[in-house]
Each structure stands twice: as C-alpha cells, then as structure tokens.
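Note sheet for the following structure.
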Amino acid sequence: MVVALVASLILIHGISFAVFVLGNLTGREMPGQMHRLAAAVWTLDALPGDTRLEALQSLRRGGPGLNLALAQSPPAGFDWSGEGLPNPLVEELGRHFGIGIAAGPAGGDTVKLAFRLHDGSVLLAEGSRAERPPFFFAGPAFITALFLAVSLAVLGGWAAHELIRPLQRLAGAVERFGSDTIEPEDLPQEGPAEVRRVAFALNRMQHRINQLMENRVRMLAAIGHDLRTPITRLRLRAEYVEDPALRQSFIEDLDHMDALLQGGLTYLREGRSGEPTVTVDLASLLSTVSDQFVDLGQDVPLEGVSCRVPVAGRPSELLRLFSNLVDNAVKHAGGGMIRLTVVAGRVRVEVVDHGPGIADRDKIAMQEPFVSGDAARNKDRPVGFGLGLSICRAIARGHGGAFTLLDTPGGGLTVRVELPLKTQ
C-alpha cells in the first residue's frame, strides 16, 4: 500500500516536472543568470555614482555567476550593433541601454557584455552564453520528489502499522483462546470501524463458547456427583459379599464406572486443566512417569536425552498425556518404552510398545472421541468411552504440538508427540 502510494506520487511529480521543463524550453523566459544581470543593470543605473561601487560589491557577493565591473568609457573591441546577443537579454535591456558584445576565449561559451548607463558610464559583465541546467540529483524536482517519497513512506508506514496492529491482536487472541487458556480474553475495541466490529463479535463469541463449555462441564459434574453416591453405596455393600471372587468383580466394575465418569468429565474439558503455562523440564517429567510405572512392577524405561529439555506447558496436563499413553502401552502390550529426542528445535517423545498395534485404516479414527478400537486390541478388557487418545491429542495440540500414531518396527504401536522446544 505504501509502495503504491509513493510510486503514484513520484509518477505524478515526474509528469509535472516534464511538463514544466518542456514549457520552459519552448517559452520565452530568460535564464536565471540573465535575470540577475538585468536586475544588476537596472539597480546600478538607478543609483548615484558615488554609491555604485558599494552596490557593485554587494551584487558580486549575491550573484557569484556574474563578473561585474564599472568603467568610465566603453572599451575597444565591443560590437554595439546588438547582433549575437541572447534574445531575452536584447528584449529586456536593448530598449533602454546600449549593449555591446565581445567574444570570450576561443572555443569557450563565455561572453563579455557592456551596458551604457544613462549617465554615460559603462557596466562590464562576463557570463555564460548558455546557462547549464543543474545536476538532476541536486535539482529542485528531485529534492521535492525525495522529500515527498520519504514523508509519505514514514506517514504511510505509520498508518499501515496502526491499521495492522488491531488485526494482529485479533489473530493473537484467536490463537490463544482454547490453547493457552479456556478463559475469554476481551480485546480492546480500537482501530477502524470494521476492526472494532470484528473485536466486538470475537469477544461475544468467546464468552458464548466459554459459557457453553462451562454448562456442559457443570452438567456432567452434576451427573457424576449424583452417580458417585449410589456407586459408593454399592461399593460398601459389596464388602458384605462373602464370595471373594464375586466381591472383587463387583468392586472392579464399580471402579470402572467411576473411571468412565472421570474420563467423560476430562474430555468435556478437552484435556485442559486451566492452570497457567510455565517452563517444564520434559526430561524430568518423563522420568517421573517412568519411575511411577517401574514402582508398580512395569517395565517402562526412558531412553534418549538425559539433560534438561525445557518446554512451555501446563505440568498436570503433560503428566496426564504421557501417563495415559504409557498406561495404554502397559494395558495392551504388557509394557513399553519412552524415547526422548530433540529434532530441529522440537522435542519428540515416542511411547513404543510391541503389542497388537492398530491397523492403518483405524489410526485416524482412533484419535476421535468415542472410538475404542478393534476387538483384537480390546479383547477380554473392559471397554471405555474411547476418549483416551482424543484427550491426549487435545493436550498435545493445546501445547502447539503434533500427535501421531505410527507402527513399531517388528509389530506394535508407536505414539509420537512433538512439542516446541523453549529456547529462552
């Protein structure tokens, strides 16, 4: 926008300058040096004889392009016929003063002129026969165009910045909403009318979305609270069952029901806890996850980078993400491995198992909510809502990362999570 504006004004200024120059070339105006000479002749002719010397010195200082001198009589060698004089000079001064001309140095473009003043004295002048045009880059046209270009570039850049800044705030608020926080961030309604309308609509949309999310979380929380009461009563009654195997089956089913309620509530929150974003040492966090499962008798080693790996994230969500992935590997494959690497400014975490895996045709569908996978992977196991992988994907994407399901060489499933590495 700024470049187009500057280019247009330069073009207009160039056309105006061309018209001005062509008009001067074909017109009858005198060159600037001839104007100064005519002014000097008229001024000295009007002054008394005793003040002309002082005035002549002033004229020399004010017009460095002219050499002026006073004489009592016309010198020899001057042609007083008026031939060969510049036309503007003849037209302007020839009607009032006698004019003589003498040739300058051979091959030069200077001329010597003599003017007979009204009191009989003679004014001698030496100047250029043809006044040279000023250098283009030092001329008034170029300086004016440069001033216009610089001024418009500065003002246009400032105007563009003031126009783009509200749009940048809008884009930033849209990116942050639902990723860094679930709370709406009201935007100041500034800038042009269209931008203010967009900011108003975005603020209203954020509040409506936040209200819908809170309403559905409250609804499921109320349902979960009401269901936990009979679940707790059933668990207490199960303790009175005399058959140990039957009692254990009752308790496992009740625990599974409670886990389903908690998983549904977590999904409705889309994997977010609402805690602030801080710097997390991912290597330390993954070491904690590995130690927790090792303490439970599961073989889940951590391999790869052992130094500090900082990422910007929410600790409880990242802990839930990798704990869920390792828990899936333990449930479906009897164990797994955590691999941590840093690739091109991104942190790559892979949870590798050698279980039944997931067919290629199901990998995308398995990341959607309420999809629990094929029968082979869930054989003889309680089936949930199918929210585990969808919650993990939501947490990864909420941290600006990527979530991918891959095949493990030799059989099994590799879940890859890539997160941005925090450099500062």
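The values are calculated or read from the model by the stated rules, or taken from the named source; none is laboratory data. Fair warning: this is a prediction, and the values are worked out from it, not measured in the lab. Counting neighbours? That spans all protein chains shown, and the Cβs are built from the backbone with ideal geometry, glycine included. Calculation scope for accessible area: heavy atoms of the full protein, side chains included, ligands and nucleic acids excluded. Shrake-Rupley method; radii C 1.70, N 1.55, O 1.52, S 1.80 Å.
Listed values, structure above:
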read-out: Output for segment 273-332, where each listed residue is open to solvent by 20 Å² or more (accessible area, probe 1.4 Å), in contact with a helix residue (DSSP H, G or I) (Cβ under 9 Å, 6 or more places away or on another chain) and of a type in the set (S, T, N, Q); value: Ser273, Thr288, Gln292, Gln298, Ser306, Ser323, Asn324, Asn328
read-out: Residues located in segment 147-168, provided they are touching a residue at least 24 places away in the same chain (Cβ under 8 Å) and either surrounded by 14 or more Cβ atoms within 10 Å (Cβ to Cβ) or more than 17 Å from Arg196 (Cα to Cα) (or both); value: Leu148, Ala149, Leu152, Ala153, Gly156, Gly157, Pro166, Leu167
read-out: Filter result (at pLDDT below 80 and either part of a strand (DSSP E or B) or farther than 14 Å from Val122 by Cα (or both)) within segment 58-76; value: Leu59, Arg60, Arg61, Gly62, Gly63, Pro64, Gly65, Leu66, Asn67
read-out: Unmet criterion (only one of (1) surrounded by 14 or more Cβ atoms within 10 Å (Cβ to Cβ); (2) assigned to a helix (DSSP H, G or I); (3) at pLDDT 75 or above) for Glu54; value: (1)
read-out: Number of the exception - Val349 against (1) touching a strand residue (DSSP E or B) at 6+ places or on another chain (Cβ under 9 Å); (2) within 14 Å of Leu413 (Cβ to Cβ); (3) of a type outside the set (D, E, K, R); value: (2)
read-out: Filtered residues of segment 333-363 (kept if farther than 19 Å from Pro420 by Cβ, at pLDDT 90 or above and surrounded by fewer than 15 Cβ atoms within 10 Å (Cβ to Cβ)); value: none
read-out: Condition met for Val90 (modelled with pLDDT of 75 or more, part of a helix (DSSP H, G or I) and of a type outside the set (S, T, N, Q)); value: no
read-out: Pairs where the first residue, in segment 205-222, is over 22 Å from Arg176 (Cβ atoms) and the second is assigned to a helix (DSSP H, G or I) and open to solvent by less than 60 Å² (accessible area, probe 1.4 Å), C-beta under 7 Å, 6+ apart; value: Leu220/Gly264; Leu220/Leu265; Leu220/Leu268; Ala221/Leu265
read-out: Residue check, Gly224 in contact with a Leu (Cβ under 8 Å, 6 or more places away or on another chain), of a type outside the set (S, T, N, Q), under 30 Å from Val278 (Cβ atoms) and modelled with pLDDT under 80; value: yes
read-out: Pairs with Cβ under 6 Å, 6+ apart, first in segment 393-405 and over 20 Å from Thr279 (Cβ atoms), second among the charged types (D, E, K, R) and open to solvent by less than 30 Å² (accessible area, probe 1.4 Å); value: Leu405/Lys363
read-out: Whichever residue in segment 251-271 is open to solvent by 40 Å² or more (accessible area, probe 1.4 Å) and under 36 Å from the mean Cα position of the chain (by Cα) and, among such residues, is modelled with the lowest pLDDT; value: Glu270
read-out: Odd one out for Leu123, checked against (1) among the hydrophobic types (A, V, I, L, M, F, W, C); (2) at pLDDT 80 or above; (3) closer than 30 Å to Arg397 by Cβ; value: (3)
